[in-house]
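Shown next, in structure tokens, is the structure this report addresses.
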Amino acid sequence: YRVAVDLPPEAASGAGAWMLYLPYLYGGGRVWLNGELVATIPENSATLRVRWERPHLLALPPSLQRAGRNVLHLRVTTAHSPSGTMLPRLAVGPQIALQPQFDRRLFFVRTAPVITVVVAFVAGLFALYIWLRRPAEHLYAIAGLIGVACALRTTTFVFDTIAADWWPAWRLLYHASNGGFIVLLAMFALRAARWHRPALMWGLGL
């Protein structure tokens, strides 16, 4: 992709740090500014699988910037998931203007999944512990397995790169845990509805 960018005189003078913000670059790639390579984001290869959902904030060297028209070239490689090449809506500007966007997306696509993994796993283990102490109450067992399955499926969103040899097992983990999570939720809902059926029927006047 070729993108023309107009920079003000203060950018060429080196006043402040001017950056390129990419919300994502699923398959990785490379960035050139005015014909010079300025950034490389690891791409898919025979030994590596990538899925860069996290944002990138890339420094543009002041020595390559010039007042007025500048040209960015971006090489975007094919991603496995989602498939195909996708160029996000990029932004060029001072770091102070782009940093909030970067931090906000980083929180939602990286920090939030990590928090979800920890909370779901701890909650799941706690529910399973209660079930071990009270084995007759199967809802705790199902709830515990739901937490563990949720933690496992979300773990696959935490890592951007993985060795190619592990990729099939990694995708199997996602699909198995995602399917298990849905089935367990359905089981929990059915058992909970059966458990509360008298109260539900009374509430409906039946």
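The values are calculated or read from the model by the stated rules, or taken from the named source; none is laboratory data. The model shown is predicted, which means the values in this text are computed figures rather than measured ones. Methodologically, a virtual Cβ is constructed for each residue, glycine included, from the backbone with ideal geometry; neighbour enumeration extends over all protein chains shown. To get the accessible areas, we keep the full protein, side chains included, count just its heavy atoms, and leave off ligands, DNA and RNA. Shrake-Rupley method; radii C 1.70, N 1.55, O 1.52, S 1.80 Å.
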Output the qualifying pairs, or none if there are none: Cβ atoms under 7 angstrom, residues six or more apart or on different chains, first residue in the stretch 37-54 and under 14 Å from A163 (Cβ atoms), second residue among the hydroxyl-bearing types (S, T, Y) and crowded, with 20+ Cβ neighbours inside 10 Å.
R51/Y26
The stretch 82-103: number of residues that are surrounded by 12 or more Cβ atoms within 10 Å (Cβ to Cβ) and more than 22 Å from G27 (Cβ to Cβ):
7
For the list (1) assigned to a helix (DSSP H, G or I); (2) modelled with pLDDT of 90 or more, I need the number of the one condition that I162 fails.
(1)
Name the residues in the stretch 59-73 that are among the hydrophobic types (A, V, I, L, M, F, W, C), in a strand (DSSP E or B) and surrounded by fewer than 18 Cβ atoms within 10 Å (Cβ to Cβ), would you?
A59, V71
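Can you go through R51, R30 and tell me which one is open to solvent by less than 50 Å² (accessible area, probe 1.4 Å), in contact with a strand residue (DSSP E or B) (Cβ under 8 Å, 6 or more places away or on another chain) and charged (D, E, K, R)?
On the way: R30 fails: open to solvent by less than 50 Å² (accessible area, probe 1.4 Å).
Exactly one residue qualifies, and that residue is R51.
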Filter pass, A46 being touching a Pro at 6+ places or on another chain (Cβ under 7 Å) and at pLDDT below 90:
no
Could you check Y129 against (1) open to solvent by less than 60 Å² (accessible area, probe 1.4 Å); (2) hydroxyl-bearing (S, T, Y); (3) assigned to a helix (DSSP H, G or I) and say which number it fails?
(1)
